[in-house]
1. If I filter region 35-50 for residues that are touching a helix residue (DSSP H, G or I) at 6+ places or on another chain (Cβ under 9 Å) and assigned to a loop (DSSP other than H, G, I, E, B), do I get at least one hit?
2. Of everything in region 4-34, what is closer than 13 Å to Phe51 by Cα, in a strand (DSSP E or B) and hydrophobic (A, V, I, L, M, F, W, C)? Give them in sequence order.
3. What number of residues within region 8-46 satisfy the criterion of being under 14 Å from Arg60 (Cα atoms), of a type in the set (Gly, Ala, Ser) and in contact with a Leu (Cβ under 9 Å, 6 or more places away or on another chain)?
Amino acid sequence: MEQLAMSYQGQMVEIRDAYGGTHTGIIEGVNQQRGLFLRTSPFRRIFIPFFLITSLLLLRRFF
């Protein structure tokens, strides 16, 4: 999961957690041992531990 998160850093993603929640935002940073930081709005950044992430999807727009 760490390598995938690092390769998607700076891109828009959708993360689903173990509790069924969905988080959409831009990956801003990755701590290889603990988790990732997700920018969900211009003034909000959340930390999501790797053990809670069940799926990580890259969101792209096709024109």
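1. Residues of region 35-50 touching a helix residue (DSSP H, G or I) at 6+ places or on another chain (Cβ under 9 Å): 35-36, 50.
Then keep just the ones that are assigned to a loop (DSSP other than H, G, I, E, B); that gives none.
No.
2. Within region 4-34, just Ile15 meets the criteria.
3. Adding up the residues that qualify gives 1.
Every number here is computed from the coordinates shown, using simple stated rules; none is lab data. Fair warning: this is a prediction, and the values are worked out from it, not measured in the lab. For neighbour counting, all protein chains shown are included, and Cβ atoms are generated from backbone atoms with ideal geometry for every residue, glycine included.
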